[in-house]
Amino acid sequence: MPTELDFEKPIAELQGKIAELKSFMEKNGLDLHGELRKLEERLEELTESTYANLTAWQRVQLARQIGRPTTLDYIKGICDEFLELHGDRHFADDPTIVGGIGLVAGHPITVIGHQKGRDTKENIRRNFGMANPEGYRKALRLMRQAEKFGRPVVFFIDTPGAYAGMSAEERGQSVAIAENLLEMAGLRTPTISIVTGEGGSGGALGLGITDRIFMLDYAWYSVIAPESAAAILWKDSKLGPKAAEVMRLTAADLLDLGIVDGVIAEPRGGAQKDPKAMVQSVRDKVMATLRELSQIPIDELLAARYHKYRDMGEYIERQ
Amino acid sequence: MLKDLFYRRRQYATLGTAAEPKPVQKPPEVVERDVPKGLVQKCEACGNLLMAKELQKHVYTCPECNFHFRVDARTRVELTLDAGTFIELDAGITSTNPLGFPEYESKLAKAQSATGMAEGALTGKGEIDGMPVLMAVMDPGFMMGSMGAAVGEKLTRAMERACVERKPLILFTASGGARMQEAILSLMQMAKTSVALRRMHDSGVLFVSVITHPTTGGVSASFASLGDIIIAEPGAMFGFAGRRVVEQTMRQKLPDDFQTAEFNLKHGMVDKVVHRKQMRDALAAIVRIHTARGWADAD
Ligand SMILES: [Zn+2]
């Protein structure tokens, strides 16, 4: 069960009061519907204003909530059938990046994404969404396979960052991510990426050079997690909330900056409140976008992909 | 020793259209320059005291222990290209503060006055052993060599120019990674340089990345690791996450050589570790091999 965050506590308290009142009414056969309606109205107001005025840090917290649909949940909800494929053919199968092939509305597709756990036990097995080089190399293999058979690729991004362990360094975390960037830049098939939760650093970008990029409403995407940014900038990782505010990392920020092509609305309070509705929205977006991209000749698509990334970033030029 | 590394026979060294093989050029005389840190410098590794003149003579390496001192971007160009051939390009590109990030402008101004550079990368064209190349150098002293949009743009232009002019690009990396003050926009410079590199790759133009100390983070996880040939300077730190971050993750002390050039060579991440004294010849050999006439044009 998802637990509420600090800023959601007043909502939970009010919900508790309403439940109490209901059971009190039932037990005692009293009609307090006027009272109840008032409380329910207050709850609606409070819920609405809480989620309509989220700070960047609150969004970061929501993006990390357990209970949000994971990549495998999206796959299950989007594909009519799906075959998960394993291994990088060099070293291992990284459970943190999952991928495979399937059919969506009868059309073939390759899906690759970071996989977080749905509980603590699974999270440990999935390394909390922090992939190893073999995960990126599995992704590379599946991308090339998709290109060979002309299947579009949909990437789901949800990682705090690539794994920063010794073994990852020994096996070439850098080059594994770098080679994916090079591959995605020229992959001759339509590609979409969707940031479903956390878009942390190069570990996110390693699945993220695509023709279209979308973000869920409460997702974040930046160069580094806000706590780590705070640790570097101000030598204090507890200043994560402050860093989140200045980093411009929310979906609305990225849309504004021209990095993402669209924001996918979440159920109020987050995807974990109504996973089914969330998966359905993502399915609709994927289908509409793949239909659109498939109509564009591949060389045009690649030229557009080049120019999109070519133009990212602002600088000054004096003659 | 160099002969073992880069064996070559002069008579086969064809330089494009040049009919006469050029005489072997000596590394260019290092131009006399002010050494701001005084007349004597201490080697960080062995404590050896070195006169500024001596340090220059040894191309800023320690003759006792081979420690490689940090050199700025302009010195690097002088050490690498034929004397007087370098022409700087896109010198007018500098950073702005697109996200309104606190204290970014003052940090930029400080870096500019400390390094005398407008931005963290120096790009241009020149010749190495008489062969034309494009060259880019990241300056480790400019905001820790971090990559923002200005650095990304300069490097991208160098890559695009390499494609158009069909000249090799030699890129010396030194970077703490993407520049935090530009947040997502700096992360996207990894993507931007990668799409440009992809074009180089597809047009068969040579890209050599030379890893200097330190090369980590977003730079390490993009173009630094994408050289057709990757050379590293001895002792240069090269890795994805910084040493301290990895130590925190592992909760253990790491071996001394962790993430050094030599460690990377052992794990197959770089092609060669080349001493600074031999770097110029090594790069010239690489360029020569890639500009030689093919077998279809054999006599
Ligand atoms: Zn020494």
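The values are calculated or read from the model by the stated rules, or taken from the named source; none is laboratory data. This one's a predicted model, so the numbers in the text were calculated from it and none came from an experiment. As a convention, Cβ positions derive from the backbone with ideal geometry for all residues, glycine included, and neighbour counts pool all protein chains shown. The area values use the complete protein model at the heavy-atom level, side chains included, leaving out ligands, DNA and RNA. Shrake-Rupley method; radii C 1.70, N 1.55, O 1.52, S 1.80 Å.
Coupling constants for region B:50-67 follow from the phi torsions by the Karplus curve (6.51 cos²θ - 1.76 cosθ + 1.60, θ = phi - 60°), and in residue order they are 10, 5, 3, 4, 5, 4, 4, 4, 8, 6, 6, 10, 7, x, 7, 10, 6, 4 Hz; glycine and proline get x. Run through region A:1-107 and list the GluC sites (Glu not before Pro) located in a DSSP loop whose Cβ has at most 15 other Cβ atoms within 10 Å. Passing sites in region A:1-107 are A:Glu4. Taking amide H positions as modeled 1.01 Å from N, with prolines and chain starts lacking one, no residue 5 or more places away or on another chain lies under 5 Å from B:Phe142. If R0 is taken as 35 Å, the Cβ-Cβ distance between B:Leu39 and B:Gln248 corresponds to a FRET efficiency of 0.30. Accessible area per residue for region B:46-117, computed on protein heavy atoms with a 1.4 Å probe, is 48 Å².
Counting only alpha carbon atoms, the long axis of helix A:33-52 and the longest principal axis of chain A meet at about 30°. Couplings 3J(HN,Hα) of region A:264-278, computed from phi: 9, 4, 10, x, 4, x, x, 4, 5, 6, 8, x, 4, 5, 4 Hz, in residue order, whole Hz [Karplus 6.51 cos²θ - 1.76 cosθ + 1.60, θ = phi - 60°; x for Gly and Pro]. When the surface is traced with a 1.4 Å probe over the full set of protein chains, B:Ile286 keeps roughly 10 Å² accessible.
The mean count of C-beta atoms from other chains within 10 Å of the C-beta of residues in A:181-189, rounded to a whole number, is 5. Karplus-based coupling profile of region A:296-306, in residue order and whole Hz: 8, x, 4, 5, 5, 4, 5, 5, 5, 4, 4, with θ = phi - 60° in 6.51 cos²θ - 1.76 cosθ + 1.60 and x standing for Gly or Pro.
When all protein chains stay in place and ligands, DNA and RNA are ignored, the 1.4 Å accessible-area order of B:Arg76, B:Arg243, largest first, is B:Arg243, B:Arg76. A simple spin-label model places pseudo-atoms 7 Å from Cα toward Cβ; at B:Ser203 and A:Leu32 they are separated by 7.6 nm. Share of carbon and sulfur in the accessible area of region A:118-197 stands at 51%, probe radius 1.4 Å. In region A:117-164, comparing the full protein assembly with the chain on its own, the residues that lose 40 Å² or more of accessible surface at a 1.4 Å probe are A:Ala164. Per residue, region A:62-211 exposes an accessible area of 31 Å² to a 1.4 Å probe, with every protein chain left in place. The charge dipole of region A:81-122, taken about the Cα centre with unit charges on the Cβ atoms of Lys, Arg (+1) and Asp, Glu (-1), comes to about 80 debye, rounded to the nearest 20.
Rounded to the nearest 10 degrees, the inclination of helix A:133-148 to the longest alpha-carbon principal axis of chain A is 70 degrees.
Set the bar at 25 Å for Cα to Cα. Now go through B:Lys57/B:Lys253; A:Lys9/A:Lys242; A:Lys116/B:Lys266; B:Lys53/B:Lys125; A:Lys38/A:Lys242; B:Lys167/B:Lys266 and name every pair that lies beyond it. Distance filter (> 25 Å) returns B:Lys57/B:Lys253; A:Lys116/B:Lys266; B:Lys53/B:Lys125; A:Lys38/A:Lys242; B:Lys167/B:Lys266.
Of the accessible area of chain B, computed with a 1.4 Å probe over protein heavy atoms only, carbon and sulfur atoms account for 53 percent. Simple point charges give the picture: +1 on the Cβ of Lys and Arg, -1 on the Cβ of Asp and Glu, and for region A:24-152 a dipole about the Cα centre of about 760 debye.
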